[in-house]
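What follows is a set of notes on a single structure, which appears directly below.
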Amino acid sequence: MRRSPRRFAVPLSAMLLLGACATGPEVVLDPASNPSEARQLLVEAAAAGPVLVTWRGEAPLAEPEILRAVERGVRGLALQATATGEAERRLVLDFSGGAEPLCDDPAAAGSDFRRGLVKAAFCDGERAVALAGAEPGGDPRRLIWRLIGRLFPDDYPGTYGLDIFGNRITFGFGAGFDL
């Protein structure tokens, strides 16, 4: 009995489609990170004006694309990113894979968390309030979005949810498709 090639085409196509939609490398947080505090400090920095974004290493995107990726990566907050100026509260991206502290904190030197990863940190002076990293690879815009999303999670439930008897209740539906 001969099998039809069409019989294998549908499952093979489905596997290829699912493989194309894979999320990419896992984004991990440094154990000392405080994303809630980073989000609050980012809200304050964004209210004061453009948020400074700097990077180390060979960036996989041009400056305007990096800034747009950072702006898009923060959910539930409109902010303007800039690559010029100086600020105590700033976002630092590291594409070098090195182990140097992103916020120049001497106490953070030598952490194994930093080796070989593409990293992002939100700095308040020399202190890294939140630090995330992921293996390099894939679309660099998506990687930046995912790193930024991990550093600054959307605080919608805690900020805008209904507070009934001390419990936050939220309603919502979301869907998206990023290219």
Original post:
Rounded, prolate or oblate: which one fits the range 46-106, using the alpha carbon gyration tensor with axes a ≥ b ≥ c (rounded when a/c is under 1.5, else prolate when a/b beats b/c, else oblate)?
Top reply: oblate
Original post:
What ranking of S96, S36 comes out by heavy-atom accessible area, probe 1.4 Å, highest first?
Top reply: S36, S96
Subject >> Ranked by how many other beta carbons lie within 10 Å on average, peptides 58-69, 140-151 from highest >> reply: 140-151, 58-69
**OP:** Provide the per-residue ³J(HN,Hα) series for the range 70-76, in order, calculated from phi with Karplus coefficients 6.51, -1.76, 1.60 and θ = phi - 60°, each as a whole number of Hz, with x at glycine and proline positions.
**Re:** 5, 4, 6, x, 8, 8, x
Original post:
What percent does the relative contact order of the range 27-127 come to when contacts are Cα pairs within less than 8 Å and at least six residues apart?
Top reply: 27
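The values are calculated or read from the model by the stated rules, or taken from the named source; none is laboratory data. Since the structure is predicted, the reported quantities are computational estimates derived from the model, not experimental observations. Note that we place each Cβ from the backbone using ideal geometry, even for glycine, and neighbour counts take in every protein chain shown. Accessible surface is based on the protein model in full, side chains and every heavy atom, while ligands, DNA and RNA are left aside. Shrake-Rupley method; radii C 1.70, N 1.55, O 1.52, S 1.80 Å.
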